[in-house]
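Working notes, beginning with the structure itself.
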Amino acid sequence: MTNPTMNLLLFAMLPYVALFTFFLGTILRYRKAPFTYSSLSSQFLENNQHFWGLTALHYGIIAILLGHLLGLLIPRQILLWNSRPLRLYVLEIFSLAFALMALVGFVGVIERRIRYPKARTVTTPADWIIESMLILQAAAGIYVAIFYPWGTSWYSTSAAPYLHSIFLFRPDISYLVTMPFIVKFHVVNGWLIVGFFPFTRLVHALVAPVPYLWRKPQLVRWYGIGILPVWPRRPSGARD
Amino acid sequence: MNVRSQVSMVFHLDKCIGCHTCSIACKNIWTDRKGTEYMWWNNVETKPGTGFPTRWEDQERYKGGWEKKNGDLELKSQNKSSALFNIFHNPNQPTLDDYYEPWTYDYQNLFNAPEGADQPTAKPISMITGEYINVEAGPNWDDDLGGSPVYAQNDPNLESLTPEQREQLFATERLVFFYFPRICNHCLNPACVAACPSGALYKRGEDGIVLIDQKRCRGWRACVAACPYKKTYFNWSTGKSEKCILCYPRLETGQAPACFHSCVGRIRYLGVLLYDAARIEEVAKLPDDQLIEGQRSLILDPFDPEVIAGARANGIHDSVVESAQKSPVYQFVKVWKLALPPHLEYRTFPMLFYVPPMSPVMASKEGGVIDHVSGDLFHDIEQSRVPVAYLAKLLGAGQENKVRYALRKQKAVRWYRRALTVGDVTMEVSSRMLAEADCSSEEAEAIYRLTSLCTFEDRFVIPPMHREEAIQMMEDPLEHKASAGFGFVSGPQRGM
Ligand code: HEM
Ligand code: SF4
Ligand code: SF4
């Protein structure tokens, strides 16, 4: 990955192809085939090992993704936080722990799908591919975290500006070209996952049911009116 | 008052012959697809027995239904934040082992097996993996008390019995059982709806049918855990949950649901109840011993002018109110108080009611002479082989007097008819029994007619569903010309 054209292709072109596919794919799929948006749970078929892989994977990956997002949104504050060694270590250790959780989870779920015939019957080619990509992604991330310290700091100074440049449509790959191979791999594989996302089960992450937190318990739908809550009662007058 | 209408049901357990015709009618129409083989939206259980899924009534294990916590009503399976924290792995979700692994047989082997010394057999094959399996459980494994030491003895309702009563129930020479057909109760306070993080489940405003929006369901499975009756099922193939739809496409065209239509024992009744939606929450918080009365008080009198006005104000069509006035369910539940809701202590307010079964009560005296003139004409109800305490646990939210009331009335009606037609009981004794059972002779006559002589039209008073008001009907029909219809435009295929 030292060839300049290659760099341009992978770090400046691929992101746009991936993002374009991501948005077009997820939106079209949501509108044309809403039935296919599901977690596709397999807990019903195998419930012994299920807890370990699934919980570790999700708690790990959600924390890690939030971390990536924070680094992107508030890089300065992260650097400020890291200015004291103790705080830096805390952040690094927590990040590493969550990343390991995610990796263990990913390996756990794929191992479970190989091991249990019932889980295997509900596994598609897309599942094998995306879960392998996720394992590679987590493993590469952890390798970087261990061998190129302190990632939480240099993410804010190099990766965040690169991502900013992508999102602001002024791609600047100078931050990346000098990076070690494994970092480049993490970036490229990341974009590939983003591009492949709409064609996999991962779309379930987009419909995470957060509004449940403030929803009324009971729902009623009327012909031609739609959904209204029953109890606790709506304020006076409403036909509920 | 907030008047709503609800298509409600009564199952007369005294008449169920346990033929499973209802289950088969349902299966053939709705659940013979991949992923639904194990589902029985309608199933018929033998009681005492563990039911389907195994021991579904044990809420310490399954955590279904509501419970009162600090004066508030909460789901037993989750609260709002735990629902999200546990979404990746639901700690209360039943799994295939709680139901059974669906199977078919390798019939081809009967034709293809090479010649040999033994007859070829058709070995069972799993409908999930396609591999040979050892069948160890099925949806009616304990039918007619088969394997009762394992199954019947594990019935959660037996907790309410004393050791003597239990012994009585299981003494071989007195063994007794009855059938308990179950569908979704289309509850007034459905736990399944409240549990769904995506808001995919809903109650239909016009008729109260509880449905799962298949396009909105994301397979979080919270409804499966929350329904105390285990009447939502997870389709392992499509990754969506499914449940009884009360055959709404049939109801909308004026036909009874398939299980009702096909019922051989004619045990099933269907009709509209008007109820007060404004008081559901308040009544759901009542203590256990007031729940039955509480639910009855939610059901409104369809002849009361105030109720009719309330119905009109809420857009309930006059034809539906008229239908409610003819509802057999209203008679059984509210007027005669013969039909009781199953496990009301789960506080979902099921709208399927059961007339408790008599036969075992009467049969307990078979061979002996019943003392016609004893001071208490109902004493054999107390001594019946299915203890009242057991029925009360199942149908009376623990209230024995509610079950006793229904049983006494049924017995009085029988004796009244016996005095009229057989003549071995005097009218005087039968009148005394009617009086003691809180029943007039007109009422007895009406109960007799609706129980024994009921025609199709008496049993199923289906309200006009007014589909002309449905949103689809407002849309330009030409827009859908040559398309796949209003429902699925793409087939219900599993996601990638
Ligand atoms: C944001 C909120 C998310 C929610 C609510 C969620 C929920 C779920 C649920 C309920 C399942 C099914 C578990 C089962 O088999 O019972 C699942 C599976 C899965 N999720 Fe998520 N998820 C989320 C985010 C993510 C993210 C961000 C990723 C990865 C980038 C991810 C990757 C996966 C994978 C790979 C599986 C399949 C595991 C297997 O092989 O069984 N999820 N998720
Ligand atoms: S019985 Fe039916 S309506 Fe009631 S909680 Fe269960 S699934 Fe929901
Ligand atoms: S069809 Fe009717 S009589 Fe037969 S098992 Fe079902 S409910 Fe009972």
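The values are calculated or read from the model by the stated rules, or taken from the named source; none is laboratory data. Every value quoted in this text rests on a predicted model; they were computed, and no experiment measured them. Using ideal geometry, Cβ is built from the backbone for each residue, glycine included, and neighbour counts are taken over all protein chains shown. Please note that ligands, DNA and RNA were not included when accessible areas were found on the heavy atoms of the full protein model with its side chains. Shrake-Rupley method; radii C 1.70, N 1.55, O 1.52, S 1.80 Å.
Of the residues B:216, B:182, B:221, only one is within 16 Å of ligand 1 (Cβ to nearest atom) and within 20 Å of residue B:55 (Cα to Cα); which?
None of the others qualify; the one that does is B:221.
Go through segment A:134-152 and count every residue that is more than 10 Å from ligand 1 (Cβ to nearest atom) and open to solvent by less than 30 Å² (accessible area, probe 1.4 Å).
6
Give me a count of the residues in segment B:204-243 that are assigned to a loop (DSSP other than H, G, I, E, B), open to solvent by 10 Å² or more (accessible area, probe 1.4 Å) and more than 8 Å from every other protein chain (Cβ to nearest Cβ).
2
Regarding segment B:358-381, can at least one residue be identified that is at pLDDT 90 or above and more than 26 Å from residue B:257 (Cβ to Cβ)? Steps first, answer last, please.
As a first pass, look at segment B:358-381 and keep what is at pLDDT 90 or above: none.
No, there is no match, as no residue in segment B:358-381 is at pLDDT 90 or above and more than 26 Å from residue B:257 (Cβ to Cβ).
For residues that are of a type in the set (Val, Ile, Thr) and near ligand 1 (Cβ under 10 Å from one of its atoms), scanning just segment A:51-78, find the one that is farthest from the other protein chains (Cβ to nearest Cβ).
Looking only at segment A:51-78, we keep the residues that are of a type in the set (Val, Ile, Thr), and these are A:55, A:61-62, A:64, A:74, A:78.
With the extra rule that they be near ligand 1 (Cβ under 10 Å from one of its atoms), the set shrinks to A:55, A:61-62, A:64.
On the way: A:55: 5, A:61: 10, A:62: 9, A:64: 15 Å.
By that ranking, first place goes to A:64.
Listed residues B:215, B:231, B:203; which is within 16 Å of ligand 3 (Cβ to nearest atom) and charged (D, E, K, R)?
Values: B:215 fails: within 16 Å of ligand 3 (Cβ to nearest atom); B:203 fails: within 16 Å of ligand 3 (Cβ to nearest atom).
Being within 16 Å of ligand 3 (Cβ to nearest atom) and charged (D, E, K, R) holds for just one of B:215, B:231, B:203, which is B:231.
Restricting attention to strands (runs of 3 or more DSSP E) lying wholly within segment B:53-112, give those where 2 or more residues are touching a residue at least 12 places away in the same chain (Cβ under 8 Å) and facing another protein chain (nearest Cβ under 10 Å).
Numbers: elements: B:66-69, B:72-75, B:103-105.
It comes to B:72-75.
If you go through segment A:115-132 one residue at a time, how many are open to solvent by 30 Å² or more (accessible area, probe 1.4 Å) and within 17 Å of residue A:188 (Cα to Cα)?
2
Filter segment A:20-50 down to residues that are open to solvent by 20 Å² or more (accessible area, probe 1.4 Å), more than 7 Å from chain B (Cβ to nearest Cβ) and not in a helix (DSSP H, G or I) and give me whichever is nearest to residue B:99 (Cα to Cα).
Looking at the filtered set, the residue picked out is A:48.
Taking the stated definitions as given, is residue A:190 more than 30 Å from residue B:220 (Cβ to Cβ), open to solvent by less than 20 Å² (accessible area, probe 1.4 Å) and touching a residue at least 24 places away in the same chain (Cβ under 8 Å)?
no
For segment B:162-199, give me each residue that is away from every other protein chain (no Cβ under 12 Å), among the aliphatic types (A, V, I, L, M) and part of a loop (DSSP other than H, G, I, E, B). Steps first, answer last, please.
Kept after step one, since they are away from every other protein chain (no Cβ under 12 Å), are these residues of segment B:162-199: B:162-186.
Checking the rest, the ones that are also among the aliphatic types (A, V, I, L, M) come to B:169, B:171, B:175-176, B:183.
The answer is B:171, B:175, B:176, B:183.
Tell me, which residue of segment B:38-52 that is in a loop (DSSP other than H, G, I, E, B), modelled with pLDDT of 95 or more and touching a Pro at 6+ places or on another chain (Cβ under 8 Å) is surrounded by the fewest Cβ atoms within 10 Å (Cβ to Cβ)? I'd like the intermediate steps shown before the answer.
Step one: filter segment B:38-52 for residues in a loop (DSSP other than H, G, I, E, B), giving B:38-42, B:48-52.
Those still in the list that are modelled with pLDDT of 95 or more too: B:38-42.
Filter once more, keeping what is touching a Pro at 6+ places or on another chain (Cβ under 8 Å): B:38, B:40, B:42.
On the way: B:38: 23, B:40: 25, B:42: 27.
Here the residue is B:38.
Spot the failing condition for residue B:248; the list is (1) under 17 Å from the mean Cα position of the chain (by Cα); (2) more than 16 Å from ligand 1 (Cβ to nearest atom); (3) within 14 Å of chain A (Cβ to nearest Cβ); (4) modelled with pLDDT of 95 or more, and only one is missed.
(4)
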